[in-house]
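Just so you know, all these numbers are worked out from the coordinates, no wet-lab data involved. All of these numbers come straight from a predicted model, not from anything done at the bench. With ideal geometry, Cβ positions are generated from the backbone for all residues, glycine too; neighbour counts draw on all protein chains shown.
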Amino acid sequence: MLKRFFIICSGSDTDILEHCSIGEQNKFAGIGATVFFTAVMAFIACSYALYTVFDNIYTALGFGFVWGLLIFNLDRFIVSTIKKRNNIIDEIIQASPRLILAVIIAIVISKPLELKIFEKEINQVLLEQKNELTLANKTQIAQQFTPNVEALENEIKALQSQIITKEAEVNALYDTYISEAEGTAGTKLLGKGPVYKEKREKHDATLSELQQLKANNRTKIATKENQIAQLKTDYATQVKTSQPIIDGFDGLMARVNALGELPWLPSLFILLLFLAVETSPIFAKLLSPKGEYDLKLEDAETAVKTWVEQKVNERKVLLKTDQTLNNKIYNDIAEEDELYNYKRKKARELMQLQADAFFNHQKNAL
């Protein structure tokens, strides 16, 4: 039962192969088994590849099953259409397009399996790429907020500098009127005279200005600090919002690119393995001598070809004979006086009718 199933997978004519030797049947069963298991590997590879895309096992299995059937049909077609000929050059020319198609199929099947085999290494590469993307994303977002934050911080420093300058002025006036009272500067008269009062009033006025300046600037500084805090909150929110996009950077294309950054030698061996599996049925047919099945298949095909050619030739001879007879018959009829007189009479009647119709038409027009 299993042997017959693999023979069907090989695309051979089961009716002819039933009358061939056991060895011939086993050869085509082996070819069919290769075709079948290649389709199974294609199903697994496509299912995994699509699972990384859709993240749904049922969808991936459904598309993978369809892809496996497609590869099975293509491989079966490739193997079944290779016919043994008497010239090796003709066989190679016949097989070359099928070999190219087999190479393409092998590449398509091997790539998803490489992704699964090297999954841990690919995850490490993706992690490094995600970290780089995270840092780059924070830098890009920060460029949107940093200028505003720096401008506000500079404004706060300017407001604080105004307070410091005013405080220095108040302290200087304080030292001036104290020195005047002690008689160590100014008039150098000990006691609180008119000059002392004048300097004291100036100090008090400046101190009042300082207190007012502090109150105003503190309000402005608090407002600007709130603006800075809001900008930092917006920055953190934007970073948090964009981070899931970076975390989801593990799709099929990202994994293929990450695989390209790994050493190429292991991937090459896997590709060569699938190339060998995919092209082995073709080379088996090319290298094997003409067997019993090939001879019987050629006999059946040439019998049909000969029968068709005979039918076509018979129709050509029949058509040629019929044309010759028709020409002879019409030539004989053309020489009869009775037919000539009859057609002459009918032609005269037709011309009379045409003349009458033309006359009536012209008469109506007038």
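Which lysines have a Cα less than 25 Å from the Cα of K316, not counting those fewer than 8 places away in the same chain? Candidates past the 8-residue exclusion: K305, K328.
Judged by the gyration tensor of its Cα atoms, with axes a ≥ b ≥ c, segment 308-365 is oblate; a/c meets the 1.5 cut and b/c is at least as large as a/b. Computed from the C-beta positions of V256 and V66, the FRET efficiency with R₀ = 22 Å rounds to 0.55. A straight chain from I44 to L268 at 0.36 nm per residue would run longer than the Cα-Cα distance by 78.7 nm. For the chain, modelled as a GNM whose springs connect Cα atoms under 10 angstrom apart, the maximal fluctuation among I31, I71, I22 occurs at I22. Within the set [x] 20.5; [y] 32.5; [z] 22.8, the number that Kirkwood radius over Cα pairs in Å takes when calculated for this structure is listed as [y].
Note: relative contact order over the chain, using C-alpha pairs below 8 Å and six or more positions apart, is 22 percent. Taking a ≥ b ≥ c as the square roots of the eigenvalues of the alpha-carbon gyration tensor, segment 210-366 is classed oblate because a/c is 1.5 or more while a/b is no larger than b/c.
Highest mean first, the peptides 157-169, 40-52 sorted by other C-beta atoms within 10 Å per residue fall in the order 40-52, 157-169. Between A151 and Q227, the contour length at 0.36 nm per residue exceeds the Cα-Cα span by 26.3 nm. Between S80 and E309, the contour length at 0.36 nm per residue exceeds the Cα-Cα span by 80.0 nm. Spacing of the modelled spin labels on A168 and N341, each 7 Å from Cα toward Cβ, amounts to 14.7 nm. Once you sort the root eigenvalues of the Cα gyration tensor of segment 101-145 as a ≥ b ≥ c, which label holds: rounded (a/c under 1.5), prolate (a/b larger than b/c) or oblate (the other case)? Oblate, because a/c is 1.5 or more while a/b does not exceed b/c.
Based on the Cβ-Cβ distance from N56 to E132, what FRET efficiency comes out when R0 is 30 Å, to the nearest 0.05? With R0 = 30 Å, the Cβ-Cβ based efficiency is 0.55. Cβ-to-Cβ counts within 10 Å put H203, H19 in ascending order as H19, H203, the fewest first.
For the chain, the longest principal axis of the Cα atoms and the long axis of helix 57-80 meet at an angle of about 40 degrees.
Under a Gaussian network description of the chain, with springs only between Cα atoms under 10 Å, the residue in R98, R200, R344 that fluctuates furthest is R344.
Take the Cβ atoms of D90 and A284, set R0 to 25 Å, and the FRET efficiency comes out at 0.90. Taking the number of Cβ atoms within 10 Å of each Cβ as an exposure proxy, the fewest-first ranking of V66, V149 is V66, V149.
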